[in-house]
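The block underneath contains the structure these notes are about, expressed in structure tokens.
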Amino acid sequence: MEWWLPVISAGVIGAAVAMYVILDGFDLGIGILFPFARNEMQRDQMMRSIAPFWDGNETWLVLGGAGLLAVFPAAYAVIMPALYLPVIVMLLALVFRGVAFEFRIVSYSKVGWNTAFTVGSTIATFSQGVILGGLIQGITVENGEFAGGHFDWATPFALMCGLALVAGYALLGATWLIMKTEGEVAERARDQARILLFIVLGFMALVSLYTPYAFQRIADRWFSLPNFYYLWPVPLVTALVSFLLWRWLESHRDSLPFIATIVLFLLGYLGLVISSYPYLVPPTLTVWDTAAAPSSQLFMLIGTICLLPIILGYIVFIYWLFRGKVREGETYH
Amino acid sequence: MDLDPVLLARIQFAFTIAFHIIFPSFTIGLSAYITTLGVMWLRTDDERYHRLMRFWTKIFAVSFAMGVVSGIVLSYQLGTNWSRFSVVAGNIVGPLIGYEVLTAFFLEATFLGVLLFGFNRVPPWLYVLSAAIVALGTAISAFWILAANSWMQTPTGHEMRDGIAHPVDWLAIIFNPSFPYRFAHMLNAAYLTTGFVVLAVGARYLLAGKHVEDGRIMLRMSIGLMAILAPLQLLIGDLHGLNTLEHQPIKIAAMEGHWDGSKPGDFTIFGWPDEENERNRFEIAIPNAASLVLTHSWNGLFPGLTSVPPDQRPPVLNVFFSFRIMLAVGFYMIAAALFGAFLWWRGQLFETRWYLRVVASTWWTGFVAVIAGWVVTESGRQPWLVQDILRTADGISPVPAASLLGTITLFVICYGIVFWMGIYYINRLINRGPEGRALEEPEGLPSRPLTAAEEAAREAIGSGR
């Protein structure tokens, strides 16, 4: 119990973060691709394709934050001060991204909130990438408290992770548009997805090569025996999925590129989990070091087991309700 | 730079949380009002209710978005500003907020999608049900956040191990001694806040002579409800006060400006609490009135501020004046609601222009009372972050003052822009009025072929909305 409970809790938090990355990832990606639309009709169409969902998608971020506080308070208390500036900047960027949905509709001139939507989405994504990079490269901890410098996170590696995530979310957004829109928007998204796929694969390769080179613990994890025997399929499957994604971008089965991109994201995420496990705050604090009281974990776990199926049920319902493609010029209120 | 990081962390958090509470105070009540309109529309089949429902839903969408984005900030600020608090109280407060996400946030966010975009895709009953679910979600959200805050005021159901709170009895944690009073007080405050906004909008339409029929419905519905809820709030507030006296007597002493516990308390209508000399200056007071309210006896005694050393007293000025602001608004609300009910009974409600002018210009009163009330209770708990467990100064994060100052500036600028634009847009939606909503172009279902006329209308309207 003492051993298992934090592992299960980490699984739940990890799943919430993965849900967030995929679901808000395509919302934010559409924000990143927003300036490439040719006119307001197309921007309406792009926004319409995510308008009923974005709020629910963003809620996974709250679950990630509140969940981390609930089941790993000591990790939460280290990560937030350590990554203070990127976290605050991300939150403020999300403020502008979020209100842009509603403000843009009621505003006569769209220019201001179009800009807020794009800039907010891009900065929020970039900050999330920096936060991820900051975690992977490790946080200085003494006596269970953050003890590093205030700009420790600002390394070339973390900034590269920021750029990588911008490309990644843009790819999610582009494949979402292929699936959920028609006409010029969908066609342009198809072209964008081809370019973005290469950029994303480039970043994935860079991270995969750089992290074992720079961090001994990550090299040991992947290249020591017998780990290597179990882990070599991960890059192989990634290559296969990328190839399929490329092929599906050519075909006219419009949902497949989006699904392949999700799988690609999950594989990348799996790779990061393999690199870092069992550390929640690499390289010092494990899931067991930072876990909440067993009673708190159990209370959260019971709630999650009972409520998550219901939540997933009505989320499926709303995606089903707003199924089908959004046409050009379709406004969203 | 020689700035106090504790003070800066507090200023920043006070700013972001005060900004945030404005929107839930409005959307908790407004979603319930929208649901009421929807139910009346279904029952009477009267198109006017439907039109009003769509109108207020538009305003709801703008306010709710501001509430959501400013709320997400808070769920991370507990860590960025109060990391030691997160360690000490995380076992307790974390799961309560976690349950808020699981039981309320997903529910609200998802069914808001149906409410805003689903009108042509779901049957009317499901459309109204979605509004009801959103309203329920906002109330559940208030339940959990009030449980978490009340535990910080009157902690029970836990035990301390190595300076960290460990849960022992979850029911005792959630239903801690002050929780029922605070939950009822806040929920009712939210309904009152919304009621006075609806009242003001209705009065504004009647004064301007436009949307008169809609204005009358708003006036009747809001006055009918406020005439009950405003006096009820006084009763709940009184009970809450008695509960606070039992568990946090020093907070009450600060609210009353009561220094010397060996004498009965007067009710100070106006005064300037002088913390240096431990007395009130320029005092105008009703003798023994505080004793009468708090102990229900003329010469009843209750603890004064001097019963604890100065470093265990809250900042008296904040608490004292915020309490009076809240009370003043509360009594104004009771007077305005009861007088409105009287005019209605006399059949003069829609013609008494001075009354309409007054209520049309006091739409903001509820928001002021809510923020003042929270200042009373949060400042009144000082110097504790969790009463008798963790001092505020010991709860902060290891973040340098310069960063805090920088982000405070960012928050003020960004929230300032969003707030004033939001107010501006809401005001414009109100000016445009409910009629705009009835001319809504039909939303195309992909499964339903559009008529040529609709296609043409869509092209003509285009994105020019």
Could you look through the stretch B:72-121, keep only residues that are outside any helix (DSSP H, G or I) and facing chain A (nearest Cβ under 7 Å), and pick out the one that is nearest to B:ALA139 (Cα to Cα)? B:GLY118
Filter pass, B:ARG48 being touching a residue at least 60 places away in the same chain (Cβ under 8 Å), more than 17 Å from B:ILE430 (Cα to Cα) and of a type in the set (Lys, Arg): no
Can you pull out the residues in the stretch A:310-319 that are without any contact (Cβ under 8 Å) to a residue 60 or more places away in the chain and either facing chain B (nearest Cβ under 7 Å) or surrounded by 12 or more Cβ atoms within 10 Å (Cβ to Cβ) (or both)? A:ILE310, A:ILE311, A:LEU312, A:TYR314, A:PHE317
What single numbered condition from (1) crowded, with 24+ Cβ neighbours inside 10 Å; (2) under 20 Å from the mean Cα position of the chain (by Cα); (3) of a type in the set (A, V, I, L, M) fails to hold for B:LEU115? (2)
Expected single match for free of Cβ contacts under 8 Å to residues at least 24 places away in the same chain and either closer than 22 Å to B:VAL198 by Cβ or within 14 Å of chain A (Cβ to nearest Cβ) (or both) among B:LEU410, B:LEU338, B:LEU390, B:LEU404 is B:LEU410
The stretch A:41-55 - residue that is more than 23 Å from the chain's Cα centre (by Cα) and at the interface with chain B (Cβ under 7 Å from one of its Cβ atoms) and, of those, farthest from A:ARG323 (Cα to Cα): A:MET41
Would you check if B:SER150 is part of a helix (DSSP H, G or I), among the polar types (S, T, N, Q) and free of Cβ contacts under 8 Å to residues at least 60 places away in the same chain? yes
Helices (runs of 4 or more DSSP H) contained entirely in the stretch A:231-309, each with at least 1 residues that are within 14 Å of chain B (Cβ to nearest Cβ): A:287-290
Got a number for residues in the stretch A:291-309 being β-branched (Val, Ile, Thr) and free of Cβ contacts under 8 Å to residues at least 24 places away in the same chain? 2
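Would you check if there is a residue in the stretch B:84-107 being over 20 Å from A:ILE311 (Cα atoms), among the hydroxyl-bearing types (Ser, Thr, Tyr) and surrounded by fewer than 23 Cβ atoms within 10 Å (Cβ to Cβ)? Explain how you work it out, then say what you get.
Step one: list which residues in the stretch B:84-107 are over 20 Å from A:ILE311 (Cα atoms), which gives B:84-93.
Right, trim to among the hydroxyl-bearing types (Ser, Thr, Tyr) and you get B:86.
Next, only the ones that are surrounded by fewer than 23 Cβ atoms within 10 Å (Cβ to Cβ) stay: none.
No; the residues of the stretch B:84-107 include none that is over 20 Å from A:ILE311 (Cα atoms), among the hydroxyl-bearing types (Ser, Thr, Tyr) and surrounded by fewer than 23 Cβ atoms within 10 Å (Cβ to Cβ).
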Just for the stretch A:106-117: of the residues that are surrounded by fewer than 21 Cβ atoms within 10 Å (Cβ to Cβ) and touching a residue at least 24 places away in the same chain (Cβ under 8 Å), which one is farthest from the other protein chains (Cβ to nearest Cβ)? A:ASN114
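Within the stretch B:172-182, can one find any residue that is in a helix (DSSP H, G or I), on the phi < 0 side of the Ramachandran plot, among the hydrophobic types (A, V, I, L, M, F, W, C) and crowded, with 23+ Cβ neighbours inside 10 Å? Spell out how you get there, then give the answer.
Kept after step one, since they are in a helix (DSSP H, G or I), are these residues of the stretch B:172-182: B:172-174, B:179-182.
Remaining after also requiring on the phi < 0 side of the Ramachandran plot: B:172-174, B:179-182.
Those still in the list that are among the hydrophobic types (A, V, I, L, M, F, W, C) too: B:172-174, B:179.
Remaining after also requiring crowded, with 23+ Cβ neighbours inside 10 Å: B:173.
So far as the stretch B:172-182 goes, yes, one or more of its residues are in a helix (DSSP H, G or I), on the phi < 0 side of the Ramachandran plot, among the hydrophobic types (A, V, I, L, M, F, W, C) and crowded, with 23+ Cβ neighbours inside 10 Å.
Yes/no matrix, rows are residues, columns are (1) within 16 Å of A:VAL130 (Cα to Cα); (2) crowded, with 22+ Cβ neighbours inside 10 Å; (3) in contact with a Ser or Thr (Cβ under 9 Å, 6 or more places away or on another chain):
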| position | (1), (2), (3) |
| --- | --- |
| A:HIS150 | yes, no, yes |
| A:THR155 | yes, no, no |
| A:MET160 | yes, no, no |
| A:LEU171 | no, yes, yes |
| A:THR175 | no, yes, yes |
| A:ILE178 | no, yes, yes |
| A:ALA186 | no, no, no |
| A:ALA189 | no, yes, yes |
| A:ILE199 | no, no, no |
Looking at the stretch A:151-184, which of its residues are assigned to a helix (DSSP H, G or I) and β-branched (Val, Ile, Thr)? A:VAL166, A:THR175, A:ILE178
State all residues of the stretch B:260-277 that are in contact with a strand residue (DSSP E or B) (Cβ under 6 Å, 6 or more places away or on another chain), within 12 Å of B:VAL316 (Cβ to Cβ) and charged (D, E, K, R); if no residue qualifies, say none. B:ASP274
Looking only at the stretch B:153-190, how many residues end up being within 14 Å of chain A (Cβ to nearest Cβ) and either among the small types (Gly, Ala, Ser) or under 25 Å from B:GLY71 (Cα atoms) (or both)? 7
From the option list A:SER276, A:SER242, single residue qualifying as at pLDDT 85 or above and under 30 Å from A:TRP3 (Cβ atoms) is A:SER276
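Where in the stretch B:263-364 are there helices (runs of 4 or more DSSP H), lying fully within it, with 2 or more residues that are loosely packed, with under 15 Cβ neighbours inside 10 Å? So that I can check it myself, show each step before the final result.
Values: elements: B:289-295, B:316-345, B:353-360.
It comes to B:316-345, B:353-360.
The values are calculated or read from the model by the stated rules, or taken from the named source; none is laboratory data. These numbers come from a predicted model, not from an experiment. Methodologically, a virtual Cβ is constructed for each residue, glycine included, from the backbone with ideal geometry; neighbour enumeration extends over all protein chains shown.
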